[in-house]
Amino acid sequence: MSTPWNGTGGGGAPTPAPHAEERPVPPAPPEWRRLSPRTLLVHCGWLGAPLGSLALTALATGGRITGGAWLTLAAIAAVFAVVTAAGWIRWARTDFRVTGENLEVRSGLVTRRSRSVPLHRIRTVDLTASPLHRLLGVTVLRAGTAGSGEGGGELSLEALPVAEGERLRAELLARAATGAVAADPVLARISWRWLRYAPLTFWVVGGVFVAGGSVYRALHEIGIEPWKIGFVRRAFEEFGNGMLWLTVPAALLAVIALGSVGAVVLYVENWWNYRLEWADAGTLRVHRGLLTTRSVTIERARLRGVVLREPLLLRAGGGALVRAVASGLGNEEENRKRSGLLPPAPRREAVRVAGGTLQSPFPDASVTDRQDLQGRHLARHPRVALRRRRVRGLLFAVLPGTALLAGLGAAFTPVLLHAAWIYAVVTTPVVLWLARDAYRNLGHGIVGEHLVARSGTFSRDTVALRREAVAAWTFSTSPFTRRAGLVTLTAAVAAGEEGYRIPDLAEGVAPAFAATATPGILDEFLTHPARNGGPTAAT
């Protein structure tokens, strides 16, 4: 065979022809990954409730299983077979992978569904594990994306091995790692001295009645009438026959004691091993939970602000809690679960955590001097706002109760006439005090990059929002507020509760405040007088 020549004439050794230039081989796409096979066992967790009901029925009837119970058991077996088959099909037909730019999920049998979400749209990653998940060593990963306010933008993978869930979370949030972690990234850890704040909530009383109603409903559904149980009937008879001036306070104390114990138990379960930290310069992470663990990660770029919340009882005890205002936390229920940054704790600690979350001092305004820690002020609201709160309290709290008792007294017994004036005498100062407190809590201002608003008495909320996060303003009035010269501003934010109110501003101040807080949004709706005064709303 002859060797091809390259060149012209002359002696010397022959030069072989160069090979064609080799093209780079594109990298193979990542392999599709499956969920853990233990997902099938997770789907069987629903059996606990019906089997527990059957066990309670057998215990209440002395071990006798009625024909209806056998039918129920047969129905449970049939449903178990269907659910197990559906769970197996779902597991077999669900897989996912992370490419360089997207998270891709395929699922479905008859209708095959493929979803691809760009990694830069993922805002939060939540790892949740119930007691059953923890027993099986798996976790549920939920990735919240932009536009997931109603859950439509959320991806959920159930169930992943814990180690794989942690790795996948790191993959999804890799774009958020925009810098180094601070010297001390941990903002807060649980302190069990905070347990004293657990009973200072509404659920100390309300939770007892909710739990009691749930037990009654469960017993009723399995055929047990609580009122027919011997010791329950005897307890109510003795309560009715006793001296009410002793039994009623004793019952109230028992409810408070039970509620306090329940509140402490829930506090421990929800906030066990709590830790709030900056995982890196762009990622805030909350880890908590005893039986059901939860690890929520929030991208700093999607953190719109924080809310310092002080319910009435908690405020009286010197406590507060902190919630995040962030996009991508899901619907209203999921947002309530995921947005908690700090449990009920000392107010000083809450202010510190809020400032650490904002990475700037939190504008904490005192109700005594209306001045925050850095000497800045929140603007007062017009005095007429106090009058409105007094009138509303008297019209909607004092007057209806007094009129009802007086009417019943005139129709049936003079005793209720005395109850009417006693009710009026007792409730009037309480209503006036609450109105005064609600007015003193009103305030608004601009502190650096944040818009600050405070309002409320049963729950005094101080919200600090990034001014650039406000997308729109709503000006609300009623015939009564227009007559009083007041207007309520609502800042629309694509995060948290999606709207934060600043009630009862002077109508001449509201447009100027909104225009100053968010330059450019209201320009086309405002008129600017040539002299004296700021901008006003255009007509």
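The values are calculated or read from the model by the stated rules, or taken from the named source; none is laboratory data. None of the values given here were measured: they were computed from a predicted structure. Positions of Cβ are backbone-derived with ideal geometry, glycine not excepted, and every protein chain shown enters the neighbour counts. Only protein heavy atoms, including side chains, enter the accessible area calculation; ligands, DNA and RNA are left aside. Shrake-Rupley method; radii C 1.70, N 1.55, O 1.52, S 1.80 Å.
Ignoring ligands, DNA and RNA, what percent of the accessible area of the stretch 400-446 is carbon or sulfur (1.4 Å)?
Details: 2100 of 2610 Å².
The nonpolar share, carbon plus sulfur, comes to 81 percent.
Mind giving me the FRET efficiency for Val430 and Arg483? R0 is 25 Å, r the Cβ-Cβ distance, nearest 0.05 is fine.
Working: r = 27 Å, r/R0 = 1.08.
For R0 = 25 Å, the calculated efficiency reads 0.40.
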Quick query: amide H of Ala494 versus all other amide H atoms, modeled in the peptide plane; which residues come in under 5 Å with a sequence gap of 5 or more or a different chain? Ala471
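Taking 0.36 nm per residue of separation and subtracting the Cα-Cα distance, what length does fully extending Thr527 through Arg380 add?
Working: separation 147, 0.36 × 147 = 52.92 nm, distance 2.44 nm.
Full-extension gain reported as 50.5 nm.
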Rank Ala472, Ile502, Leu486 by how far each Cα sits towards the positive end of the charge dipole of the stretch 468-513 (+1 on Lys, Arg Cβ; -1 on Asp, Glu Cβ) and give me just the farthest. Leu486
Phi-based couplings in Hz for the stretch 117-127 (Karplus 6.51, -1.76, 1.60; Gly and Pro marked x): 10, x, 4, 6, 8, 6, 9, 9, 10, 10, 9
Counting only heavy atoms of the protein chains, get the accessible area per residue of the stretch 248-374 (1.4 Å probe) and round it to a whole Å² value. 40 Å²
Enumerate the amide H contacts of Tyr274 below 5 Å, restricted to partners 5 or more residues apart or on another chain; note that Pro and chain-start residues carry no placed amide H. Ile190, Gly289
Apply the Karplus curve 6.51 cos²θ - 1.76 cosθ + 1.60, θ = phi - 60°, to the phi angles in the stretch 343-350 and return the couplings in whole Hz, x for Gly and Pro. x, x, 8, x, 4, 4, 5, 5
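When the chain is fully extended, how far beyond the present Cα-Cα distance does Leu313 get from Leu290, taking 0.36 nm per residue of separation?
5.7 nm
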Quote the charge dipole size of the stretch 397-473 about the Cα centre in Debye, to the nearest 20; the model charges only the Cβ of Lys and Arg (+1) and of Asp and Glu (-1). 100 debye
Lys337 paired with Arg93, simple spin-label distance in nm, labels 7 Å along Cα-to-beta-carbon: 2.6 nm
Please give the length that would be gained between Thr247 and Thr111 if that part of the chain were fully extended, namely 0.36 nm times their separation in residues minus their C-alpha to C-alpha distance (nm, one decimal). 42.7 nm
What distance in nm separates the simple spin-label points at Thr84 and Trp192, each placed 7 Å from Cα in the Cβ direction? 4.3 nm
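Using the crude model of +1 on Lys and Arg Cβ and -1 on Asp and Glu Cβ, and no other charge, please compute the dipole size for the stretch 285-347 relative to its Cα centre, in debye to 20. Show your work: numbers first, answer last.
Values: 13 positive and 5 negative charges, 35 e Å.
Dipole about the Cα centre, nearest 20: 160 debye.
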Karplus 3J(HN,Hα) series, Hz, for the stretch 276-286 with 6.51 cos²θ - 1.76 cosθ + 1.60 (x for Gly, Pro): 10, 8, 8, 5, 7, 5, x, 9, 9, 10, 10
Could you check the simple spin-label distance between Val232 and Ala75, using points 7 Å along Cα→Cβ, in nm with one decimal? 2.2 nm
I need the calculated FRET efficiency for the pair Ala211 and Glu101, taking r as the beta carbon distance and R₀ as 51 Å, to the nearest 0.05. 0.60
Given R₀ = 45 Å, FRET efficiency for Leu408-Ala492 by Cβ-Cβ distance, to 0.05? 0.45
